[in-house]
Amino acid sequence: MKQLEEKILADGRVLSEAVLKVDSFLNHQIDPALMQAIGEEFASRFKAAGITKILTIESSGIAPAVMAGLSLGVPVVFARKRKSLTLTDGLYTAPVHSFTKNETNDISVSRDFLGKDDVVMIIDDFLANGQAALGLLDIVEQAGAACAGIGIVIEKGFQPGGKLLRDKGIRVETLANIKWMEPGHVEFYGEVPN
């Protein structure tokens with residue numbers, strides 16, 4: 001998605017060969033027009049899949065997921081990372097390890113919002129090692145629902161998550177796939193190197 005790649009080049013900051021900071025438009029401050037375009041792109045790619053629900057993880061996946069849900073006319077469910085006083089019983093849970101934070105947390109979704117009749121599209125902001133996506137897939141499987149695929153806003157194609165998911169036969173649709181990066185430079189798959 002050219003618009004997203006241009007935004008990453010203009011406003012993203014590469015902090016190291018593994019860390020891309022996009023908090024000015026995706027995961028702290030949100031660019032609503034870009035999120036709308038992202039949601040419409042995911043909806044376009046998955047329009048024939050019979051999606052009934054979109055599943056994401058709090059908090060950075062919510063904005064693109066809501067916009068895709070708006071475009072598809074389906075509800076969005078987000079897995080919670082923290083326990084809630086109102087979300088205690090009847091949960092699907094799965095462990096998710098964060099390499100960035102070096103911690104493992106259980107994510108949770110109420111059984112009221114996912115079931116065996118659902119066709120689910122998973123959306124997340126980043127794909128690096130694939131742990132969040134695997135946790136969300138686990139929840140879809142626990143619900144007995146079908147997974148139509150995974151929509152990723154930014155994939156770090158040089159890390160193993162995308163290959164891991166694709167090798168399992170899971171459809172992964174990535175809007176911006178980074179081949180490599182270093183401070184001051186990002187190269188996407190499909191680009192001719194400078």
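Within the stretch 133-155, being closer than 30 Å to Glu187 by Cα, aliphatic (A, V, I, L, M) and either open to solvent by 20 Å² or more (accessible area, probe 1.4 Å) or in contact (Cβ under 8 Å) with a residue 40 or more places away in the chain (or both) holds for Leu134, Leu136, Ala148, Val153, Ile154.
Here is a yes/no grid of residues against (1) out of contact with any Lys or Arg (no Cβ under 7 Å at 6 or more places or on another chain); (2) closer than 25 Å to Gly130 by Cβ:
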| position | (1), (2) |
| --- | --- |
| Leu34 | no, yes |
| Glu41 | yes, yes |
| Leu55 | yes, yes |
| Ser60 | yes, yes |
| Ala65 | yes, yes |
| Gly73 | yes, no |
| Val76 | yes, yes |
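Against the definition (buried (at least 21 other Cβ atoms within 10 Å of the Cβ) and part of a loop (DSSP other than H, G, I, E, B)), how does Ile8 come out, yes or no? The answer is no for Ile8. Each residue in the stretch 76-90 was checked for being at pLDDT 95 or above and open to solvent by less than 70 Å² (accessible area, probe 1.4 Å), and 3 of them qualify.
Only one of the listed residues (Gly169, Gly149) is part of a loop (DSSP other than H, G, I, E, B) and at positive phi. That residue is Gly169. Restricting to the stretch 156-194, give me the number of residues that are in contact with a helix residue (DSSP H, G or I) (Cβ under 6 Å, 6 or more places away or on another chain) and open to solvent by 40 Å² or more (accessible area, probe 1.4 Å). The total comes to 1.
Given the structure, is Ser108 in a loop (DSSP other than H, G, I, E, B) and either at pLDDT 90 or above or surrounded by 15 or more Cβ atoms within 10 Å (Cβ to Cβ) (or both)? The answer is no for Ser108. Of all residues in the stretch 20-35, those that are open to solvent by less than 60 Å² (accessible area, probe 1.4 Å) and either assigned to a loop (DSSP other than H, G, I, E, B) or of a type in the set (Ser, Thr, Tyr) (or both) total 7.
The values are calculated or read from the model by the stated rules, or taken from the named source; none is laboratory data. Everything numeric here is computed off the predicted structure, so don't read it as measured data. Glycine gets a Cβ as well: all are built from the backbone with ideal geometry, and neighbour counts include every protein chain shown. Only protein heavy atoms, including side chains, enter the accessible area calculation; ligands, DNA and RNA are left aside. Shrake-Rupley method; radii C 1.70, N 1.55, O 1.52, S 1.80 Å.
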